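Here is the structure we will look at.
The values are calculated or read from the model by the stated rules, or taken from the named source; none is laboratory data. Everything quoted here is computed from the prediction, not taken from an experiment. Glycine gets a Cβ as well: all are built from the backbone with ideal geometry, and neighbour counts include every protein chain shown.
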């Protein structure tokens, strides 16, 4: 997992080209959950800034962090000049400045579990909001998805990251909501889904796969062979199912009680 977490820099330009951005509904729901103006935000694992540019529209001061210098270099090409950047993994961030919002876009699963939530709480103002959002991108046509799985099987068991706490996919509350509900620093835990559908050409679908850590970790010759096999089972246009699962929570006010709420 550690190797996969730091594998993206070599494909920073492809990541920017082939990974989708985030719809405004994500930002709307996050800011509505705050129930007060949000003027400062810290982003964890910002990558090339897909979410950064969305949040910078309505948050005056955004600090984007990522451990990979190549990803941050690409990010700086696409975000407003006022966005601050810092090369750091989540675990390297030192408590000091507190933010009204801390968020992670398809990156929280790369953080170390030990001390994750106490550190997160230290970065947030009392009453501040934590947000995590993302989700797998799959062919919407089950026939196409199964064809891809079949040709992928000799190379990879799966190209997805399993739930960090082992939560089954059929459970109503998914990770990280499962953990947030249990820790003492957060309350008002909520989970929702933002529906997202779009279409890719077959070549752009393969471009998207080239930015996924499971494929990046393959030896180049095996990756090329696998992509050739996948290309042969794809239609010209691949309809994508790309729903975004959003988790929200609120940092308890100092001295708050230990109850929580999910919805």
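Remarks
- Every residue from region 108-126 that is surrounded by 17 or more Cβ atoms within 10 Å (Cβ to Cβ) and closer than 16 Å to residue 180 by Cβ: 108, 109, 111, 116, 117, 119, 120, 121, 123, 124
- Residue within region 136-151 that is within 19 Å of the chain's Cα centre (by Cα) and not in a strand (DSSP E or B) present: yes
- Selected residue (criterion: surrounded by the most Cβ atoms within 10 Å (Cβ to Cβ)) from residues of region 94-105 that are in contact with a strand residue (DSSP E or B) (Cβ under 7 Å, 6 or more places away or on another chain) and without any contact (Cβ under 8 Å) to a residue 60 or more places away in the chain: 99
- Test: residue in region 214-226 that is surrounded by 19 or more Cβ atoms within 10 Å (Cβ to Cβ), free of Cβ contacts under 8 Å to residues at least 60 places away in the same chain and touching a helix residue (DSSP H, G or I) at 6+ places or on another chain (Cβ under 9 Å): yes
- Flag for residue 74 being exposed (fewer than 15 other Cβ atoms within 10 Å of the Cβ) and either out of contact with any strand residue (DSSP E or B) (no Cβ under 6 Å at 6 or more places or on another chain) or part of a helix (DSSP H, G or I) (or both): no
- Hey, residue 79 crowded, with 17+ Cβ neighbours inside 10 Å and in a loop (DSSP other than H, G, I, E, B) or not: yes
- Check on residue 202, at pLDDT 95 or above and under 24 Å from residue 13 (Cα atoms): yes
- Residue check: residue 91 meets all listed conditions (1) surrounded by fewer than 13 Cβ atoms within 10 Å (Cβ to Cβ); (2) farther than 13 Å from residue 44 by Cβ but one, namely (2).
- Close contacts from region 138-161, counting a first residue that is modelled with pLDDT of 95 or more and a second that is exposed (fewer than 11 other Cβ atoms within 10 Å of the Cβ) and in a helix (DSSP H, G or I), with Cβ to Cβ under 9 Å and a gap of 6+ residues or different chains, come to 151/232.
- When 253, 192 are checked against the criterion of being part of a loop (DSSP other than H, G, I, E, B), touching a strand residue (DSSP E or B) at 6+ places or on another chain (Cβ under 6 Å), in contact (Cβ under 8 Å) with a residue 24 or more places away in the chain and closer than 24 Å to residue 133 by Cα, 253 stands alone in meeting it.
- Given (1) surrounded by fewer than 17 Cβ atoms within 10 Å (Cβ to Cβ); (2) touching a strand residue (DSSP E or B) at 6+ places or on another chain (Cβ under 9 Å); (3) under 18 Å from residue 242 (Cβ atoms), index of the condition residue 17 fails: (2)
- Considering residues of region 47-56 that are free of Cβ contacts under 8 Å to residues at least 60 places away in the same chain, assigned to a loop (DSSP other than H, G, I, E, B) and in contact with a helix residue (DSSP H, G or I) (Cβ under 7 Å, 6 or more places away or on another chain) only, the residue nearest to residue 81 (Cα to Cα): 49
- Search result, residues across region 207-250 that are assigned to a helix (DSSP H, G or I) and in contact with a strand residue (DSSP E or B) (Cβ under 7 Å, 6 or more places away or on another chain): 208
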